[in-house]
1. Work out from phi, with θ = phi - 60° and the Karplus expression 6.51 cos²θ - 1.76 cosθ + 1.60, the ³J(HN,Hα) of each residue of the range B:392-406, listed in order in whole Hz, and give x for Gly and Pro.
2. So what's the range B:31-234 giving for Rg/Rh, alpha carbon basis, Kirkwood Rh from the mean inverse pair distance?
3. Please list, ordered by chain and number, the residues whose modelled amide H lies under 5 Å from the amide H of residue B:272; skip anything fewer than 5 residues away on the same chain.
4. Could you list B:296, B:377 so that the one with the fewest beta carbons within 10 Å of its beta carbon is first and the one with the most is last?
5. Residue A:401's amide H: which non-local residues (gap 5+, or another chain) put their own amide H closer than 5 Å, with H modeled 1.01 Å from N in plane and none for Pro or chain starts?
6. Lysines near residue B:433 by alpha-carbon distance under 21 Å, same-chain residues fewer than 8 away left out - which ones?
7. Which of B:111, B:255 comes first, and how do the rest follow, when ranked by fewest Cβ neighbours within 10 Å?
8. Place +1 on the Cβ of every Lys and Arg and -1 on the Cβ of every Asp and Glu in the protein assembly as shown, take the dipole about the Cα centre, and give the residue among A:184, B:91, A:424 whose Cα lies farthest towards its positive end.
2 protein chains.
Amino acid sequence: MSNAIRRLNARDPEFLSTLDALLAFESAADERIDAAVSEILRAVRATGDAAVIEYTRRFDHLDVSSMAGLELPHAELKAALDGLTVERREALRVAADRVRQYHERQKIDSWSYMEADGSVLGQQVTALDRVGLYVPGGRASYPSSVLMNAIPAKVAGVHELIMVVPTPRGEKSPLVLAAAAIAGVDRVFTIGGAQAVAALAYGTQTIPQVDKIVGPGNAYVAEAKRRVFGTVGIDMVAGPSEVLVISDGSGDPDWVAMDLFAQAEHDELAQSILLCTDAGFLDAVAAAIERLLPTMPRREIIAKSLAGRGALIQVDDLEQACAIANRIAPEHLELSLETPEPWVAKIRHAGAIFVGHHSVEALGDYCAGPNHVLPTMRSARFSSPLGVYDFQKRSSIVHISAAGAQTLGKVASILAHGEGLQAHARSAEMRLKD
Amino acid sequence: MSNAIRRLNARDPEFLSTLDALLAFESAADERIDAAVSEILRAVRATGDAAVIEYTRRFDHLDVSSMAGLELPHAELKAALDGLTVERREALRVAADRVRQYHERQKIDSWSYMEADGSVLGQQVTALDRVGLYVPGGRASYPSSVLMNAIPAKVAGVHELIMVVPTPRGEKSPLVLAAAAIAGVDRVFTIGGAQAVAALAYGTQTIPQVDKIVGPGNAYVAEAKRRVFGTVGIDMVAGPSEVLVISDGSGDPDWVAMDLFAQAEHDELAQSILLCTDAGFLDAVAAAIERLLPTMPRREIIAKSLAGRGALIQVDDLEQACAIANRIAPEHLELSLETPEPWVAKIRHAGAIFVGHHSVEALGDYCAGPNHVLPTMRSARFSSPLGVYDFQKRSSIVHISAAGAQTLGKVASILAHGEGLQAHARSAEMRLKD
């Protein structure tokens, strides 16, 4: 089991096609999920609270007579926070503070400028009014995820942040509720699944319609988010988590092995890949994997993930490693190098870049400051970490002076006639004085 | 026909439900389009160039033996530009220059900061490598759209911008080709429809895979973009165009009528709404509509749009007008007011805000500077105009010092154990010195 992680060499003529096959991941379309989600969305849209209550009874075995029974009072979040050990409460607080400090720097500001003729052009930046945060229940219930999704929204100035979290048979996660208290979540409903997404997207008698829905979820939640996109904004639909480590053979092979484990322990589809210029170090990491794996509580998941989607890859040099990294566009990239700084700028596509031996991904997952919601499945080629900017939007400001309307009106008129849009042309021409 | 635009009063108890019904727009799902697009994507993915050539033969009646016959040489773009009248060429140049100047201000820069323990956190901003620009052929072939999509990409620093434009039976739009030359498009293929989207998203033997596809298109193109989203980034899927004019009764009713026409002439589903505090001015605009409509070449489209989706609405005051505007979240908003400045900040949701009587939307469509690709169908609640930021992305930088790993490692360890992720905890603990 332990030595099943594949060894590849970038010099192999088949290497790139092998790599592409290893990276390929498509979530299979599931018609039963599609149909179930479609029906749930329709029902919640049609009858609102009644449908949400009924689905919550059916799927989460919560028997309530009204939506009021599905809303958690603030006092309960506060009590969850107060009930934590001091150590955990302080750890959550430190993490929240650091995440907030980092995200404060992401705020976009309005700007404008005046032209010589007195016209003013600019961009007015505003926060979203209301955001829905989906938090999975049960095993995948992560307080860090609450912090990472809620804090950027609050830093952006979102007026109301509504969290939904399923509590099957009434089971609640105190850490999740405590994180909601720390992050400043405004309202919490104990609902989940496609019915929670529908309630947020369309609004019900009790739950106000939101402008955007963020947060991870299972296949039903992902499909529901995909379907309500347009009615509301959504964050990305995330794939399995990924780490790519680039090593020059410096550092401790045990550290690298454990970093690969930390990714692999998420689930069997998670992907851990090591690129290394030093064959001996690759052997040492392989040996460390074999030695350390049996000591891990989640060893079965780790072993399946490493065997199914992991790889230890020998590369010729760090230039080649960076080229491969840019092809992979990994969610997490660790530059496990003696002198990592010069290589940072060579990475064009990665969700987060962890620089040097002490910058382990786990710090970024919890408390370094940057967001842990990152683009997966090569989407770092075109998208960014979740951030404050995802909860702000821009309106263009166009304030043309009477003088400006003379010069611009003539240009617009010519181009509008060229496009056969005469009313466009005349609305500009009417502002001309001559 | 001419007086068919509806008159509403915001005091009417039924007003909000009438307004919501007027705003409601859902593009009907069409199973034939879905099936056709699905098959085209599959075929292009499987056989690449051969499928693209075959579909182009079938749909656009272009008979070529290889993809080389479907690529336009740069000389042809340059010749199209040289062949324009001086007036049109200069108008395109002025528009392009102004759009470029405005968009230069949207560039996002990398940043970082060092903490007391020597750790560095930041954000590295990079441009997308390669972008595909879809340009519709035939009647909806707008050179302004080429400028508005291409210029932000080039300002962002996109390395390669590939335009696709169908040329049914070989018919090309000289204005579109000229705009491509001015905007600095790198390659142009005369292909369109779902096959063009597929070629850009998956890559073929000749057409390189892009990272994002932008630009408007018909229902087949929109469905294809929706389906390839994830493999590549896409811009928004746009709905019918909209304008909302807020008037205090100052200004010229003919100007307002023509501004409503300019929106309505796009297509029958376009939406033109006027909110006004002055009943007499509403009457005057209604009279202007009746008088001016017969003079418009596109009067039939305008009349259908105004009758089907337009409205002249009396409001009590400008506060109420702004509240209604925020509910509508229009693509274009004109503040047709004597003293417009104080009202700009009250608009929280709009794609673009045109301030004062001379700031007519047509100027923004062509040459004011800001982008004319704007959020429609209430999506200004959560999204922004197309901009340079759509062609840039961020990577988080996490460079933790050995000292920083001590304090952060303890926090991460506590939280990772709380989430049951022991490998996360140990990868952090391994960096602890004690």
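1. Along the range B:392-406, the couplings run 10, 9, 10, 10, 5, 10, 10, 10, 8, 6, 4, 5, x, 5, 5 Hz.
2. Computed over Cα atoms, the ratio is 1.04.
3. Answer set, sorted by chain and number: B:243, B:310, B:311.
4. Details: B:296 19, B:377 23.
With the fewest neighbours first, B:296, B:377 line up as B:296, B:377.
5. A:119, A:120
6. Residue B:433 reaches B:410.
7. B:111, B:255
8. Positive-end residue among those listed: A:424.
Computed from the coordinates by the stated procedures, all read-outs in this text should not be read as laboratory data. Because the structure is a prediction, the values reported are computed rather than measured. Please note: Cβ atoms are built from the backbone with ideal geometry, for glycine as well, and neighbour counts cover all protein chains shown.
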